[in-house]
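A.B. asks: Starting off with a structure, shown below.
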Amino acid sequence: MFPYPSGNIHMGHVRNYVIGDICARYHKLKGDEVIHPMGWDAFGLPAENAAIQFKTHPQDWTITNIKNMKDQLLKLDLDLDWDRELATCNENYYRYQQELFIDLYNAGLAYKKDAVVNWDPVDQTVLANEQVIDGKGWRTGATVEKKKLSQWFFKITHYAEELLSGLDKLTLWPEKVKTMQKNWIGKSLGAEIKFEIAGKDNFLNIFTTRPDTIYGATFIAVSINHQIISEVLDTASIEKIRKDFEEVSDDKEKIGIKLNLRCKHPILDKEIPVYIANFVLDNYGEGAIFGCPAHDERDYEFAKKYNLPIIKVIDCLDTELPYIGDGKLINSPLLDGLNKDKAIEEIIKFFSKTGTGHKKINYKIRDWGVSRQRYWGCPIPVIYYEDGSYRVLDKSELPVLLPYDISLEGKGNALLNKDEWRKIICNKTNKKAYRETDTLDTFVDSSWYYIRFLNNKLDKPFDPSKANELLPVDKYIGGIEHAILHLLYSRFFMKALRDIYNLKIDEPFKQLFTQGMITHKTYKTNADEWVMPIEVVSKNGKLLRSKTGEAIEEGPSEKMSKSKKNVVEPNVILENYGIDATRVFMISDSPPDRELEWTDEGIQSSKNLVNRIERYFSKKDGDVNLEVEKEVEKFVNNIEKNILSFSFNKCVADVYTLFNYLEKKNVYLYNDKLSKKILICLFPIVPKLSKSLNKSLFKSDDFERWPEINIDLLIENKIKLPVQIHGKLITTIDTNKGYSEKEILKSIYELDKIKNKMQNKKVTKVINVQDKIINIIIN
RNA sequence: GCGCCAGUGGCGGAAUGGUAGACGCGCUGGUCUUAGGAACCAGUGGGCAACCGUGGGGGUUCGAGUCCCUCCUGGCGCACCA
């Protein structure tokens, strides 16, 4: 539980925390040791933006929001361990993060380099690759620019293989998230091949997954950012080409600029031309490829456009070109007759021998750029000297506190203009020095908070023995939007910390549950103005805006969002319906991993259920017999099973089923011992009501342990046995378990419905699945 | 384009290969009440019926919503990844 303190709790938070709260309460009743903490992901840009907009300070804004949201959370009456509370913007958190940064640096997992990075022009900061979606900033939606800057990186690529292979062991994670991470890591097997540049004592490295098609290579293409280009073209021409590339309207269109360069073919005695091509990515492989037009779609398109030769090296029809699939190698003296896999193997052997290439595993994932050119974040504990060299501080020099007194008015990072903070004298060298003014990506903050929760007051980042004892987190609940950001970073952190601190933990989160969004119908006026649901009234079957009487059009149900105004406020709901009804509705209609549509009917019927339970327990009537006991036992068993499998919607159905049964039988248990059982099972779902009933019926403030299941009570002897003919249900017959097939068939053949079907046909076969079903086959 | 997931009444959704539609919402009829965002009772997949029904078509099986093949539709993710 680690919300961003944006100001208010919304329904999405409520759903998330109710799910977690049910789990926590259940496990506590089971006698398990439960840690159910809450903290604040409190650094980040919205605070700076809000501070500028409202003429306040990011810290004040954040602290006020935390206070406000905490008040709202308290009203939800969640069973949280508030004494574990933490906020990343507190010195007591981020100073330990600075220690971890030093640890990572010393372990070679944090480093600084010049790199072409993603620049968000709106937020005025660098973004990690993971934070760029469709070329746009994940928060601002602004088109990301490329900038060359010196930046801090975390070496997530060091763990690329383990981050990938580890996914298989995460059996309690949704497949979908694992697939997304797999794609992001993007492992591919292939070869790196050296191409000698004709007339120069220099090479060009390329990566390929299809070294078998080397005989079909007819050109080389490099990315616009490839360093070889600067050796042949001046900066102005490069910029001109870069611009031309950017201006292509169809971004799939292939454009190439032929360079005054040729490469020697690594096997054949010939030279092939080198192009700059817009479709070659600079951040994948070597930023350079060899083109084999006959067997690659892009290369084919490119070759057609620039009249490059197309040489077939895999046997196929000319009409099939470009042919991507497997086949027999041709026109390839060393490989002729082999199929693809064998040819790849052979050619790599050959290259290794001649020194022109080798086997290579390539990953798409890049190191995590963590520098942010913003004030409101964790300062990076580094200083720079006047000669440009830098020093990562010692732990004894920590904390590097974020100065409060700054001006956000100017452009860029406020820390840059804060000289009295930035300019220091290095206490080791006595030289003039400057503090690093970049701060850490807030995803760093959230990559280890779950460890800090284990002991939030410790005077070091965490206690390794506690971590070993309690991690990984058993149940981790959140939205799918974290699939490759937070969840990948946290996995990286766990592995890095494992290696640094010699921990026994490989993965941070054992079970991951991704909850669905809450949606609501949308409403618009004819003038295309969004209208809050609360303003809409229905009159004579027509929707009107209550204030003005304007006609309202109802739109599809969409994710609740402020911009579409289709939100309901938790505090309003709590006031009108109470916490128990709110909890019931959060889990009742849809399975928790799917969308939940907010409806007035839904929340109302949840309230009705809560009232009904209360009413039920106000009366005593009827006899408690074995059948009732069995029904209650079934209820306990089902609730438990469904809580454990996150099938909370079925838990609600179990509650209805139980009370439907009891009321139908006119059995009102009141303070019978069965009521105690029922109330314990209701406690995780409707804690307030359950607690108050327990108090009034049993004069107790506490609950006993979650009831042990008595298996004997779950066994049902009397059954309705389905009887089929040719697999189609004809009727059912009342009998006891363990019936004799012979005898039951005798009575089955006496049934009218069966007789009608059988007429004078002969039974050829009887399938008796004992105690389950009987299927009769007739000719 | 590639990958993943899903398609079940009017709606949300239940069903270890074994009685499809649990449970809820909505709806219909009735009861109670000064009143009720209430409660209670009966009903509610389609069809007068025989029967027909889980996106379409094939298959495996005594038996398929569930497994296999194929197609269609929708959602999500990735997308010039060499």
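The values are calculated or read from the model by the stated rules, or taken from the named source; none is laboratory data. Note that the coordinates shown come from a computational prediction; the quantities given were computed from them, not determined experimentally. Neighbour counts run over all protein chains shown; Cβ positions are idealised from the backbone, glycine included. For the accessible areas, the whole protein counts, side chains as well, though only heavy atoms, and no ligand, DNA or RNA atoms are used. Shrake-Rupley method; radii C 1.70, N 1.55, O 1.52, S 1.80 Å.
A.B. asks: Among the candidates A:Glu175, A:Glu161, which residue alone is open to solvent by 20 Å² or more (accessible area, probe 1.4 Å), modelled with pLDDT of 90 or more and closer than 30 Å to A:Asp506 by Cα?
C.D. replies: Values: A:Glu175 fails: modelled with pLDDT of 90 or more.
Exactly one of A:Glu175, A:Glu161 is open to solvent by 20 Å² or more (accessible area, probe 1.4 Å), modelled with pLDDT of 90 or more and closer than 30 Å to A:Asp506 by Cα, namely A:Glu161.
A.B. asks: Quick one: in region A:321-344, of everything that is in a helix (DSSP H, G or I) and surrounded by 14 or more Cβ atoms within 10 Å (Cβ to Cβ), which residue is modelled with the lowest pLDDT? Walk me through it before giving the result.
C.D. replies: Filtering region A:321-344 for residues in a helix (DSSP H, G or I) gives A:340-344.
Retained after the next criterion (residues that are surrounded by 14 or more Cβ atoms within 10 Å (Cβ to Cβ)): A:340, A:343-344.
Working: A:Lys340: 87, A:Ala343: 90, A:Ile344: 91.
Taking the candidates together, the pick is A:Lys340.
A.B. asks: Can you say whether A:Thr735 is of a type in the set (Ser, Thr, Tyr) and either touching a Pro at 6+ places or on another chain (Cβ under 8 Å) or more than 10 Å from RNA strand B (Cβ to nearest atom) (or both), as far as the supplied structure shows? Write out each step before concluding.
C.D. replies: Details: of a type in the set (Ser, Thr, Tyr): yes; either touching a Pro at 6+ places or on another chain (Cβ under 8 Å) or more than 10 Å from RNA strand B (Cβ to nearest atom) (or both): yes.
Here the answer is yes, as A:Thr735 does meet what is asked.
A.B. asks: Condition test on A:Leu45, is it surrounded by fewer than 21 Cβ atoms within 10 Å (Cβ to Cβ) and either over 26 Å from A:Leu393 (Cβ atoms) or in contact (Cβ under 8 Å) with a residue 60 or more places away in the chain (or both)?
C.D. replies: no
A.B. asks: Further question: Only one of these conditions is not met by A:Glu743: (1) among the charged types (D, E, K, R); (2) touching a residue at least 24 places away in the same chain (Cβ under 8 Å); (3) more than 9 Å from RNA strand B (Cβ to nearest atom). Which number is it?
C.D. replies: (2)
A.B. asks: Scan region A:276-301 for residues that are part of a helix (DSSP H, G or I), open to solvent by 60 Å² or more (accessible area, probe 1.4 Å) and more than 6 Å from RNA strand B (Cβ to nearest atom) and report the count.
C.D. replies: Of region A:276-301, the ones part of a helix (DSSP H, G or I) are A:293-295, A:297-301.
Keeping just the survivors that are open to solvent by 60 Å² or more (accessible area, probe 1.4 Å) gives A:297-298, A:301.
Next, from what is left, pick out any that are more than 6 Å from RNA strand B (Cβ to nearest atom): A:297, A:301.
The total comes to 2.
A.B. asks: Having 2 or more residues that are out of contact with any Phe, Trp or Tyr (no Cβ under 7 Å at 6 or more places or on another chain), small (Gly, Ala, Ser) and surrounded by fewer than 19 Cβ atoms within 10 Å (Cβ to Cβ) is the bar; report the helices (runs of 4 or more DSSP H) wholly within region A:673-734 that clear it.
C.D. replies: Values: elements: A:673-682, A:687-698, A:711-714.
Correct list: A:687-698.
A.B. asks: Can you name the number of the only condition in (1) modelled with pLDDT of 85 or more; (2) touching a helix residue (DSSP H, G or I) at 6+ places or on another chain (Cβ under 8 Å); (3) within 15 Å of RNA strand B (Cβ to nearest atom); (4) hydroxyl-bearing (Ser, Thr, Tyr) that A:Ser546 fails?
C.D. replies: All conditions pass for A:Ser546, except number (1).
A.B. asks: Please verify whether region A:246-266 includes one or more residues that are in contact (Cβ under 8 Å) with a residue 40 or more places away in the chain, aliphatic (A, V, I, L, M) and open to solvent by less than 70 Å² (accessible area, probe 1.4 Å). Full working, then the answer.
C.D. replies: Going residue by residue through region A:246-266, those that are in contact (Cβ under 8 Å) with a residue 40 or more places away in the chain are A:254, A:256, A:258, A:261-266.
Going one step further and asking which of them are aliphatic (A, V, I, L, M), we end up with A:261.
Add one more test, that the residue is open to solvent by less than 70 Å² (accessible area, probe 1.4 Å), and what stays is A:261.
Scanning region A:246-266, I find at least one residue that is in contact (Cβ under 8 Å) with a residue 40 or more places away in the chain, aliphatic (A, V, I, L, M) and open to solvent by less than 70 Å² (accessible area, probe 1.4 Å), so the answer is yes.
A.B. asks: Next question, about the same structure. Mind checking whether some residue in region A:744-760 is farther than 30 Å from A:Leu674 by Cα, hydroxyl-bearing (Ser, Thr, Tyr) and outside any helix (DSSP H, G or I)? Even if it seems obvious, please write down each step before you answer.
C.D. replies: The initial filter retains those residues of region A:744-760 that are farther than 30 Å from A:Leu674 by Cα, namely A:744-760.
Cutting the leftovers down to hydroxyl-bearing (Ser, Thr, Tyr) gives us A:747, A:749.
Next, only the ones that are outside any helix (DSSP H, G or I) stay: none.
Checking region A:744-760: not a single residue is farther than 30 Å from A:Leu674 by Cα, hydroxyl-bearing (Ser, Thr, Tyr) and outside any helix (DSSP H, G or I).
A.B. asks: Then there is this: What residue, of A:Gln759, A:Gln770, A:Gln724, is near RNA strand B (Cβ under 10 Å from one of its atoms) and not small (Gly, Ala, Ser)?
C.D. replies: Details: A:Gln759 fails: near RNA strand B (Cβ under 10 Å from one of its atoms); A:Gln770 fails: near RNA strand B (Cβ under 10 Å from one of its atoms).
Among A:Gln759, A:Gln770, A:Gln724, only A:Gln724 is near RNA strand B (Cβ under 10 Å from one of its atoms) and not small (Gly, Ala, Ser).
A.B. asks: Pick from region A:625-666 the residues that are open to solvent by 30 Å² or more (accessible area, probe 1.4 Å) and aromatic (Phe, Trp, Tyr): which of them is farthest from RNA strand B (Cβ to nearest atom)?
C.D. replies: Applying the filter and picking the extreme gives A:Tyr661.
A.B. asks: Quick check on region A:421-464: of everything there that is open to solvent by 40 Å² or more (accessible area, probe 1.4 Å) and polar (S, T, N, Q), which residue is modelled with the lowest pLDDT?
C.D. replies: Top of the filtered list is A:Asn427.
A.B. asks: I've got another one for you. Within region A:105-126, does at least one residue satisfy the condition of being surrounded by 18 or more Cβ atoms within 10 Å (Cβ to Cβ), modelled with pLDDT of 90 or more and either on the phi > 0 side of the Ramachandran plot or assigned to a helix (DSSP H, G or I) (or both)?
C.D. replies: yes
A.B. asks: Next question, about the same structure. Which members of region A:179-210 meet the condition of being open to solvent by 20 Å² or more (accessible area, probe 1.4 Å), more than 6 Å from RNA strand B (Cβ to nearest atom), over 16 Å from A:Leu268 (Cβ atoms) and of a type outside the set (Gly, Ala, Ser)?
C.D. replies: Correct list: A:Lys182, A:Trp184, A:Lys187, A:Leu189, A:Glu192, A:Lys200, A:Asp201, A:Asn202, A:Phe203, A:Asn205.
A.B. asks: Count, please, the residues in region A:600-624 that happen to be open to solvent by less than 80 Å² (accessible area, probe 1.4 Å) and without any contact (Cβ under 8 Å) to a residue 60 or more places away in the chain. Let's see the steps before the verdict.
C.D. replies: Let us first name the residues in region A:600-624 that are open to solvent by less than 80 Å² (accessible area, probe 1.4 Å), namely A:602-613, A:616-617, A:621-622, A:624.
Then keep just the ones that are without any contact (Cβ under 8 Å) to a residue 60 or more places away in the chain; that gives A:602-609, A:611-612, A:616, A:621-622, A:624.
Number of matching residues: 14.
A.B. asks: Mind checking which strands (runs of 3 or more DSSP E) fall wholly inside region A:511-595 and carry at least 2 residues that are more than 25 Å from the chain's Cα centre (by Cα) and either free of Cβ contacts under 8 Å to residues at least 24 places away in the same chain or loosely packed, with under 15 Cβ neighbours inside 10 Å (or both)?
C.D. replies: Values: elements: A:518-525, A:536-539, A:542-545, A:552-559.
Here the list reads A:536-539, A:542-545, A:552-559.
A.B. asks: If a residue has to be within 16 Å of RNA strand B (Cβ to nearest atom) and open to solvent by 50 Å² or more (accessible area, probe 1.4 Å) to count, how many in region A:130-149 make the cut? Working first, answer last.
C.D. replies: Taking region A:130-149 first, the residues within 16 Å of RNA strand B (Cβ to nearest atom) are A:130-139, A:141, A:143-144, A:146.
The next check asks that each one be open to solvent by 50 Å² or more (accessible area, probe 1.4 Å); those that pass are A:133-134, A:136, A:138-139, A:143, A:146.
Final tally of qualifying residues: 7.
A.B. asks: Please name all residue pairs, on different chains or six or more residues apart, with Cβ atoms under 7 Å, provided the first residue is in region A:395-420 and is surrounded by fewer than 18 Cβ atoms within 10 Å (Cβ to Cβ) and the second residue is assigned to a loop (DSSP other than H, G, I, E, B) and charged (D, E, K, R).
C.D. replies: A:Pro403/A:Lys418
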